[in-house]
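Quick notes on the structure that follows.
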Amino acid sequence: MTLTHNLGFPRIGARRELKFGLEAYWKGESGREELQALGARLRRLHWSQQAGLDFAPVGDFAFYDQVLDMSFTLGNLPERVQGFHGDPLDNYFRVARGRSAQGGQDHGACCGGVAAGEMTKWFDTNYHYIVPEFTAATRFSLDASRLLAQLAEARAQGVKAKPVIIGPVSYLWLGKSKDGSDRLALLERLLPVYAELLETLAAQGVQWVQIDEPVLVTELDADWQHAFTAAYHQLKSARVKLLVATYFGQLLENTYLAATLPVAGLHIDAVRGREDVQPLLNLMTGNKVLSLGVVDGRNIWKTDLAAVLDWLEPIAARLGERLWIAPSCSLLHVPVDLASEQKLDGELKSWLAYALQKLDEVQLLARALDHGRDSVRQALAENSAAIAARRHSPRVHKPAVQAAVAGLNAALGQRKLPYAQRAPRQAALLKLPAFPTTTIGSFPQTAEIRQARSRYKAGELDEAGYRSAMRAEIARSVREQEALDLDVLVHGEAERNDMVEYFGEQLDGFAFSQFGWVQSYGSRCVKPPILFGDISRPKPMTVDWIRFAASLTDKPMKGMLTGPVTILNWSFVRDDQPRSLSCRQLALAIRQEVLDLEQAGVRIIQIDEAALREGLPLRKAQWKHYLDWAVESFRISANGVADETQIHTHMCYSEFNDIIGSIAAMDADVITIETSRSDMELLDAFDQFQYPNQIGPGVYDIHSPNIPTQAHIEQLMRKAAERIPADRLWVNPDCGLKTRQWPEVNAALAHMVAAAKALRAAA
Ligand code: GLN
Ligand code: ZN
């Protein structure tokens, strides 16, 4: 019998119930019991939906984040929240979200304000976890209450429970030392707490525990490898069976290490790491379980079940009872239920699988393995038909697009003149002052904008009415920018709901779901567009809006686009062709838009690549390949313009140290980045590289409602000028202003413009 299981279930709810429950609680509109009851209700529902499996995960539910849950389980609370005397759940939210010193309800007044824990991306997903904090003095102590309570719930419901925890090595690896001490040195103190936790679970009669060690798919130096051996030898005596779970990539050089850990089983991602399986079969002997994640937990496509069976049947024959199957990773990264989708067309829908459908696939595969394909003949036939339809669909495969993309070459990504010769031509044309001021693109998405958009979507406002509402907003932002005396204006992006969705909606080859929500962090969810077919641009997407905005002012108006790499990285993408190819298709479409904007007289065009960095592969050895095609795609999209046209790009982060060469290779005339919170120190990477083009280091944090002072902005810019020659510096905020209110924006930008003028006067 092939055992089926699941590593984790999306916790947010098919209708984002948890999001709304959390937000109501945080606003004080509902009580803690209500929130706890909602959590219990979701867990109950999700377990019932996994009832067909041999093991369902327990402990994968979190009110905010599973890593933060683990920190609480291990008693590793940041020192700044240790004195808290309210309910532990409130303390948990204090770490997750930070609190100001006021707020009566959440103990701000008595227990003081606290800074939120740092958030960072969970491997190469778009999920963000709260980074565990360590110092040399960190001590751990077990609090198994959450896990035990959920285990009791699961038991009461008759769930075949497999508790899920984050393993000790990955837990340390994911955290950060706050005092420069070696976090690996904490392992010795940490392991007894894990042993106690496993013992506690054993005492409850738990048989298997899933212990996630995803860092096994990354490059580990000798110390970290050794930590694995040491840790699992120490946990060996636990009276539960451990299933070490890895996912998101290949084990490669860690294969031997993973295979020989003294545990009862190993789960691997058999979608991304299929090559690991043959070596593992040879290395894993005795009665060790090998769990293969054969259904892709990172994408929304149906699995080609026949192809998986062709590969899996001989393995099953060899492993027998020792084979388990599952999705490749936790299903946290996919939406819940395809059946919720009412608006996707039937054909496209027949190609997709969300979490529940993926679990059905796992069970189908197990049945086919155990009882023969004939036992599920009908289901397999339906699956094959859908797979074949997608493979041959003219909606997916467009010979014209493929031919156009095949005709792309690197030369198309090459400006005619080098930057040093372009810059004076652009300067002559644009006549900008020193320290030119600009913004990153969006202005406040006001209540009026949102209202007009929802009325338009609901059919209460016609196309013409919607356009004139958006034009009024654009006119407003142009007026405000003129009054502020900014140098390079933007139209403000009123017409854009989202910087990727806006383009996806206008490109052929994209589809949009209604309920394709995926948790990004806490209560925040994203609904990635579905890139399903060859991409083409039926008509210009932004030209009318930009032309209208430009007509309202004599100042330069910056055209505003999202770049191909960012569109790709924030979408569910095709699994039937390399990402690099989808990216080139997007690059071609954006290139056409860039050239149309130029044709319309737009002299400055910004192409945002906010998500370029997050596409970096988990293993450094693969970075170069990614960066090569990503940069080439950007270059193809941007660099077809005349040398007089100024290309800007924007990136929402500031860690450029390890990718600065690629950033320079993009050859944008101007790059704006986020730097204000790092006090400009992060410009060092540009300085050391002798980055040759212009830079706009963000001078204030747009995430905060605080108004920066003129003096502070001047001071930051002077620091910037110590690193980058002043004649190549721009003055701008860290990022777009869409989440701010107009009064804040006006006050902050007024200070910014005044600072730029003072710098000019002093120069
Ligand atoms: N142009 C976009 C804006 O200003 C850029 C946003 C981003 O980089 N995330 O909103
Ligand atoms: Zn940004």
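Readers should treat all values here as calculations from the given coordinates under stated rules, not as data from a laboratory. What you are looking at is a predicted structure, and each value in this text was computed from that prediction instead of being measured. Reconstructed Cβ throughout: ideal geometry from the backbone, glycine too, with neighbour counts over all protein chains shown.
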Checklist outcome for this item: Rounded to the nearest 500, the 222 nm mean residue ellipticity computed for the chain from DSSP H runs (n ≥ 4, each -39500 (n - 2.57)) alone is -13000 deg cm²/dmol
Item to check | Debye log10 I(q)/I(0) at q = 0.06 Å⁻¹ for the chain, Cα point scatterers | outcome: -0.39
Checklist outcome for this item: Helix 377-392 sits off the longest principal axis of the Cα atoms of the chain, rounded to the nearest 10 on a 0 to 90 degree scale, by 20 degrees
Checklist outcome for this item: If every Lys and Arg gets +1 and every Asp and Glu gets -1 at its Cβ, then about the Cα centre region 539-630 yields a dipole, in debye to the nearest 20, of 260 debye
Checklist entry - Listed highest first by mean packing, meaning other Cβ atoms within 10 Å per residue, what order do 54-61, 427-434, 541-548, 142-149 come in? => result 54-61, 541-548, 142-149, 427-434
Checklist outcome for this item: Of 486-497, 237-248, 383-394, ordering from highest average Cβ density within 10 Å down gives 486-497, 237-248, 383-394
Next on the checklist: Suppose every Lys and Arg Cβ carries +1 and every Asp and Glu Cβ carries -1, with no other charges. What dipole size does the chain come out with about its Cα centre, to the nearest 20 debye?
Outcome noted: 680 debye
Next on the checklist: As an exercise, use a Förster radius of 41 Å and the Cβ-Cβ distance of Arg274 and Asn706 to find the FRET efficiency, rounded to the nearest 0.05.
Outcome noted: 0.25
Item to check | region 41-79 and region 114-171: distance between their alpha carbon centers, rounded to Å | outcome: 8 Å
Checklist entry - So, in nm, how far is label Ser181 from label Ala307 when the simple model puts each one 7 Å beyond its Cα toward the Cβ? => result 5.0 nm
Checklist entry - Order of Tyr256, Tyr456, Tyr129 from fewest to most other C-beta atoms within 10 Å? => result Tyr256, Tyr456, Tyr129
Item to check | Crossing angle, helix 742-762 versus the chain [Cα axis fit, 0-90 degrees, rounded to tens] | outcome: 60 degrees
Checklist outcome for this item: Expressed in angstrom and rounded, the centroid-to-centroid distance over alpha carbons for region 351-380 and region 420-442 is 59 Å
Checklist entry - Quick one: if you stick a label point 7 Å off each Cα along the C-beta vector at Ala665 and Trp742, how many nm between them? => result 4.6 nm
Next on the checklist: Between region 243-288 and region 198-220, how far is it from one alpha carbon centroid to the other, in angstrom?
Outcome noted: 15 Å
Item to check | Using a Förster distance of 30 Å, the FRET efficiency for Ala726-Ala137 (Cβ separation, nearest 0.05) | outcome: 0.10
Checklist entry - Between the helical axis of 17-26 and the dominant principal axis of the chain, each derived from Cα atoms, what acute angle in degrees is found, rounded to the nearest 10? => result 70 degrees
Item to check | Antiparallel bridges, percent of DSSP beta bridges restricted to the chain (to nearest 5) | outcome: 15 percent
Item to check | Estimated inter-spin distance, Asn287 and Phe20, nm [label 7 Å along Cα→Cβ] | outcome: 4.9 nm
Item to check | Ordering of 476-483, 500-507 by burial proxy (mean other Cβ atoms within 10 Å per residue, highest first) | outcome: 500-507, 476-483
Checklist entry - Nearest 0.05, what FRET efficiency do Tyr256 and Ala403 give at R0 = 35 Å with Cβ-Cβ as r? => result 0.15
